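K.L.:
Just passing along the structure, written as structure tokens.
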Amino acid sequence: IQMFRDSMRFASRSMDDTMKMWDIRKPSESVYTWEDLVNLSSKTAITIAPNEKLLLTGTSVRQGYGHGFIVGFNTMTGEKVSETPMSKTSVIALNWHHQLNQIFVGSADAKITVLYDPELSQNGIMRSITR
């Protein structure tokens with residue numbers, strides 16, 4: 001579960017291959033339900049962009065049968081906006097660091113990937129790259 005800053009909305013990820021966005025003022029039905037997001041781990045994370053207009057999650061893959069993806073959705077329209085292959089194993093951990101504006105991705109093969117914009121990022125992973 002990942003809470004939005006307004007404390008009225010949250011997102012949940014489930015083992016039934018769905019991710020949902022909820023509004024606590026209308027708890028009987030989700031605002032959005034995204035399906036076909038393969039999930040083989042109860043630890044698969046959700047992360048929210050600093051401006052809260054984008055919601056990301058990872059997908060799972062059985063070893064040797066494709067790629068784990070990061071999939072992004074617009075929180076205002078529900079539209080899928082990105083689907084990026086990340087690893088030949090499942091994408092489990094995701095954290096969009098709000099101060100650094102960098103996305104940290106952990107996959108089932110114990111690899112960590114950092115996504116960043118070289119023009120916008122000055123700290124975080126950029127400090128280790130320059131050393």
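K.L.:
Residues in the range 14-31: is at least one part of a strand (DSSP E or B) and either touching a Gly at 6+ places or on another chain (Cβ under 6 Å) or polar (S, T, N, Q) (or both)?
P.N.:
Checked against the condition, which is being part of a strand (DSSP E or B) and either touching a Gly at 6+ places or on another chain (Cβ under 6 Å) or polar (S, T, N, Q) (or both), the range 14-31 yields no hits at all.
K.L.:
Can you tell me which residues in the range 31-44 are farther than 13 Å from Val71 by Cα and open to solvent by less than 30 Å² (accessible area, probe 1.4 Å)?
P.N.:
Passing the criteria: only Ser41.
K.L.:
For the range 77-109, enumerate the residues that are on the phi > 0 side of the Ramachandran plot and modelled with pLDDT under 95.
P.N.:
Asn101
K.L.:
Could you check, for the range 108-122, whether at least one of its residues is closer than 18 Å to Met3 by Cα and of a type in the set (Lys, Arg)?
P.N.:
Looking for residues that are closer than 18 Å to Met3 by Cα and of a type in the set (Lys, Arg), one finds none in the range 108-122, hence no.
K.L.:
How many residues does the range 72-120 contain that are under 17 Å from Ala49 (Cβ atoms), small (Gly, Ala, Ser) and within 14 Å of the chain's Cα centre (by Cα)?
P.N.:
3
K.L.:
Can you name every one of the strands (runs of 3 or more DSSP E) wholly within the range 45-131 that holds 3 or more residues which are open to solvent by 40 Å² or more (accessible area, probe 1.4 Å)?
P.N.:
By residue number, 80-87, 91-97, 112-115.
K.L.:
Pull out all pairs, ordered by first then second residue, where Cβ-Cβ is under 7 Å, the residues are six or more apart or on different chains, the first lies in the range 1-29 and is loosely packed, with under 11 Cβ neighbours inside 10 Å, and the second is modelled with pLDDT of 95 or more and assigned to a loop (DSSP other than H, G, I, E, B).
P.N.:
From the range 1-29, the pairs are Arg5/Glu52; Arg25/Met8.
K.L.:
Six or more apart or on different chains, Cβ under 9 Å: which pairs go from a residue in the range 81-104 that's touching a residue at least 40 places away in the same chain (Cβ under 8 Å) to one that's of a type in the set (Phe, Trp, Tyr) and crowded, with 16+ Cβ neighbours inside 10 Å? Could you list them?
P.N.:
That search, which allows pairs on different chains as well, returns Val91/Phe69; Ala93/Phe104; Leu94/Phe104; Asn95/Phe104; Trp96/Phe104; Asn101/Tyr116; Ile103/Trp96; Ile103/Tyr116.
The values are calculated or read from the model by the stated rules, or taken from the named source; none is laboratory data. No experiment lies behind these values; they were computed from the predicted model shown. FYI the Cβ positions are ideal-geometry reconstructions off the backbone, even for glycines, and counts take in every protein chain you see. These area figures cover heavy atoms from the full protein model, side chains too; ligands, DNA and RNA do not enter into them. Shrake-Rupley method; radii C 1.70, N 1.55, O 1.52, S 1.80 Å.
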